[in-house]
Amino acid sequence: MNKKRFLALLCGLVFSLGFAPLDLWFLSILSISVLLNVLNEHSKKESFLIGYLFGFGMWLTGISWLYVSIHYHGNISIIGSAFLILIFISILSLYSGFLFLLHSYLKLSNFASLRLLSLPVAWVVIELLRSYLFTGFPWLISGTMLADTLVDGFTPIVGAQGNSFYLVLMSSCIYEMFAKRDQKRSPLLLSFFLIFTVASSYFLKSIEWTNAEDEIFVSLHQPNLTLEEKWSQPGIIHTQGMIYRAIEMAKEGELIVFPETALILSEKDNKSYIENIRLKASQKNITLISGIVEREEDYTMKNRLQAFGEINTYYDKLKLVPFGEFIPFQQYLGSFLDIIGLNLTNTIPGDSIRPINKGKYNISPSICYEIAFDELIRKTAKDSQLLLTVSNDTWFGESLGPIQHLEIAQNRALEHKKPLIRATNSGISAIISQNGEIIERQGYFEEKVLKNSIMLYSGNTFYSNYGRLPILMFIAIYLSLILLKVIFLRKFDK
């Protein structure tokens, strides 16, 4: 491996340090600036390879924590688990390869005045594709690392994926300032532009997009059971006892939340218990929301969020976890996964996403992996006053996975400027303010209850109303200008 390729791999490793828990986002910005210097005057083939190695480094440090789930809970050997992780990383790295290949085309076909935008545009295009292709994998979207920082003011306007554009634009500015350091005018203008955008983002943080209108008392319960305990008879009894005690100790009007699949017996399999807690919650005028496994007649199951008491409704998970809850391209991969011994649940998705109505206000629900899909959350968040997500990150131990998951949830709160509550089985449960700040949180593998009063917020941010439309329109205009230039030049050459 030559020095430039090795440097690309190193830049990818450094870039991932911007995500939680280190939050060294300024190093991520600098790593892209260095990478742009590496990419200078390279062939398209070399651009793809350098981008691929950058992506490999980023994913290697960014999602290697999946090993915990595959090895310890999937009963796959150390070698087999490492092999599966490397295959997954190798596939994901293709996105980065195509990203820098696209950048090389845009840079060469671009107007000199717009060349600064070529990498930010390519970056967002590829991240958007990654969010949709093959059921979508919107994990480690670059802009999520800016949540709860000095420069997260654009989030309620453009969202986390719009922040990816902003982050890479800052990197491009720094690179151009360095590349044109011998010129007098260009570095000065770029410095002014960079300072202006950073200052704008900081001052935008002070805008109150939503209005506080009511208050609710919330208790989040983290049972802290191992997966073996959770799916055992003693674990079932323990969880049911916790729910009974939570209802008995609740204040009138309280919202009690238990994590994903806290109740592993379906309502039809545990009818007397469910009827009992529904009656007790209703008598005390409280709302209990808990994850529950719903089993269908055809032996399939749904991952459900069920409300009991003051309201009685449910939401079934729409976005299932690939290779965790279903097998993408099962006709091709099913036999291979059987050979290596990876067994999956037969889970099916729900029909639609809808808010949970609680009296005068709505709650925007999501289960686990769904919180990473910003457009899915936006469908209910704009008509809700509170965001709620539940998860079971026990699969990933004390790895980076749960804290990255929490960082993603911070972005959803900040995008809509509404509070978010997160209940998990073993961490990290948290209460997040409308500004994306963590008000209170639990640790890994800590059995604890978070109790707090939360203000409910009405109204919508710019992002709530328009989502990705502005950034998509900007990209469309940008690509149209390039296309018109190419067409004009071809006609001129003739």
Revision key, fill the gap. The whole-number value in µm²/s of the Stokes-Einstein translational diffusion coefficient for the stretch 239-290, with Rh from the Kirkwood sum over alpha carbon pairs at 25 °C and 0.890 mPa s, is 220
Review point. Using the alpha-carbon atoms, what tilt in degrees (0 to 90, nearest 10) does helix 469-493 show relative to the longest principal axis of the chain?
Key: 30
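Beta carbons within 10 angstrom, averaged per residue: use that to sort the peptides 296-306, 250-260, highest first. Before the final figure, lay out the partial values.
Values: 296-306: 16.2, 250-260: 21.0.
Listed from highest to lowest mean packing, they are 250-260, 296-306.
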Point to revise | Count, lysine Cα pairs under 15 Å in the stretch 1-146, 8 or more residues apart or across chains | key: 4
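Please state, to two decimals, what the Cα-based radius of gyration of the stretch 134-221 comes to when divided by 2.2 N^0.38 Å (N = residues). The partial results should precede the final answer.
Working: Rg = 17.8 Å, N = 88, 2.2 N^0.38 = 12.1 Å.
Dividing the Cα Rg of the stretch 134-221 by 2.2 N^0.38 Å gives 1.47.
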Study note, to complete from the structure: Beyond 20 Å (Cα-Cα) in this structure, taken from 251/317; 317/379; 417/448, we find 251/317; 417/448
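Starting from the exponent 0.38 and prefactor 2.2 Å, build the expected Rg for the stretch 167-260 from its residue count and divide its actual Cα Rg by it. Present the calculation step by step, with values, prior to reporting the outcome.
Numbers: Rg = 26.8 Å, N = 94, 2.2 N^0.38 = 12.4 Å.
Expressed relative to 2.2 N^0.38 Å, the Cα Rg reads 2.17.
Expected output is a single nm value to one decimal: the length gained when fully extending between residue 264 and residue 437, i.e. 0.36 nm times separation in residues minus the C-alpha distance. What is it? Don't skip to the answer; put the middle values down first.
On the way: separation 173, 0.36 × 173 = 62.28 nm, distance 3.20 nm.
Full extension of this stretch gives 59.1 nm more.
Counting only heavy atoms of protein chains, what accessible area per residue, in Å², does the stretch 210-258 have with a probe of 1.4 Å?
On the way: 2220 Å² over 49 residues.
On a per-residue basis, 45 Å².
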Review point. Relative to the compact globular guide of 2.2 N^0.38 Å, what is the alpha carbon radius of gyration of the chain, as a ratio?
Key: 1.03
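Among 105, 52, what's the order by accessible area (1.4 angstrom probe), most exposed first? Display every interim value, and only then the final one.
On the way: 105 120, 52 50 Å².
Sorted by accessible area, descending: 105, 52.
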**Study point:** 1.4 Å probe accessible area per residue over the stretch 1-101, in Å²
**Key:** 46
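R0 = 45 Å: FRET efficiency of residue 465 with residue 75, Cβ-based, nearest 0.05? Intermediate results must be reported in sequence, preceding the final value.
On the way: r = 47 Å, r/R0 = 1.05.
Taking R0 as 45 Å, the efficiency between residue 465 and residue 75 is 0.45.
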Point to revise | Solvent exposure, largest accessible area first (probe 1.4 Å, DNA, RNA and ligands not counted), of 482, 78 | key: 78, 482
Practice item. Give the residues of the stretch 39-65 whose amide nitrogen is closer than 15 Å to a point set 7 Å from the Cα of residue 13 in the direction of its Cβ. Key: 53-64
Exercise for review: Enumerate the amide H contacts of residue 386 below 5 Å, restricted to partners 5 or more residues apart or on another chain; note that Pro and chain-start residues carry no placed amide H.
Suggested key: 362, 364
Practice item. Report the full-extension gain for the segment residue 180 to residue 214: residue separation times 0.36 nm, less the Cα-Cα distance, to one decimal in nm. Key: 6.9 nm
Review point. Each residue of the stretch 437-454 in order: what ³J(HN,Hα) in whole Hz does its phi give by Karplus 6.51 cos²θ - 1.76 cosθ + 1.60, θ = phi - 60°, with x for Gly and Pro?
Key: 8, 7, 6, 7, 8, 9, x, 5, 6, 10, 7, 7, 10, 8, 10, 6, 8, 10
Revision key, fill the gap. Answer in debye to the nearest 20: the dipole magnitude of the stretch 1-157 about its Cα centre, from +1 Lys/Arg and -1 Asp/Glu charges placed on Cβ, is 560
Practice item. Whole Å is fine, so just give me how far the alpha carbon centre of the stretch 92-133 lies from that of the stretch 223-267. Key: 47
Exercise for review: Please state the charge dipole magnitude for the chain, taken about the Cα centre, from unit charges on C-beta atoms (+1 on K and R, -1 on D and E), reported in debye and rounded to the nearest 20.
Suggested key: 1940
Practice item. Measure nothing but the geometry: give the 0 to 90° angle between the long axis through the Cα atoms of 44-62 and the longest principal axis through the Cα atoms of the chain, rounded to 10°. Key: 30
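Assuming R0 = 51 Å, can you tell me the calculated FRET efficiency for the pair residue 24 and residue 252, based on Cβ-Cβ distance, to the nearest 0.05?
Numbers: r = 46 Å, r/R0 = 0.90.
After rounding to 0.05, the efficiency reads 0.65.
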Check your understanding: For the stretch 86-197, what log10 I(q)/I(0) values come out of the Debye formula at q = 0.09, 0.13, 0.20 1/Å, with one point per alpha carbon and no solvent?
Key -> -0.28, -0.57, -1.14
Revision key, fill the gap. Here the stretch 1-103 gives, from Cα atoms, an Rg and Dmax in Å of 14.6, 47
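Please report the carbon-and-sulfur percent of the accessible area for the chain; probe 1.4 Å, protein heavy atoms only, DNA, RNA and ligands left out. Numbers along the way, then the final one.
Values: 13590 of 21850 Å².
The computed percentage sits at 62.
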Exercise for review: Please determine, in degrees from 0 to 90 and to the nearest 10, the orientation of helix 271-283 with respect to the longest principal axis defined by the Cα atoms of the chain, where the helix direction is its Cα long axis.
Suggested key: 90
Review point. Computed FRET efficiency, Cβ-Cβ of residue 300 and residue 3, R0 56 Å: what is it to the nearest 0.05?
Key: 0.55
Practice item. Among DSSP beta bridges whose residues both lie in the chain, state the antiparallel percentage, nearest 5. Key: 65
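The values are calculated or read from the model by the stated rules, or taken from the named source; none is laboratory data. This is a predicted model, so every value here is computed, not measured. Virtual Cβ from ideal backbone geometry, glycine too; neighbours counted across all protein chains shown. Accessible surface is based on the protein model in full, side chains and every heavy atom, while ligands, DNA and RNA are left aside. Shrake-Rupley method; radii C 1.70, N 1.55, O 1.52, S 1.80 Å.
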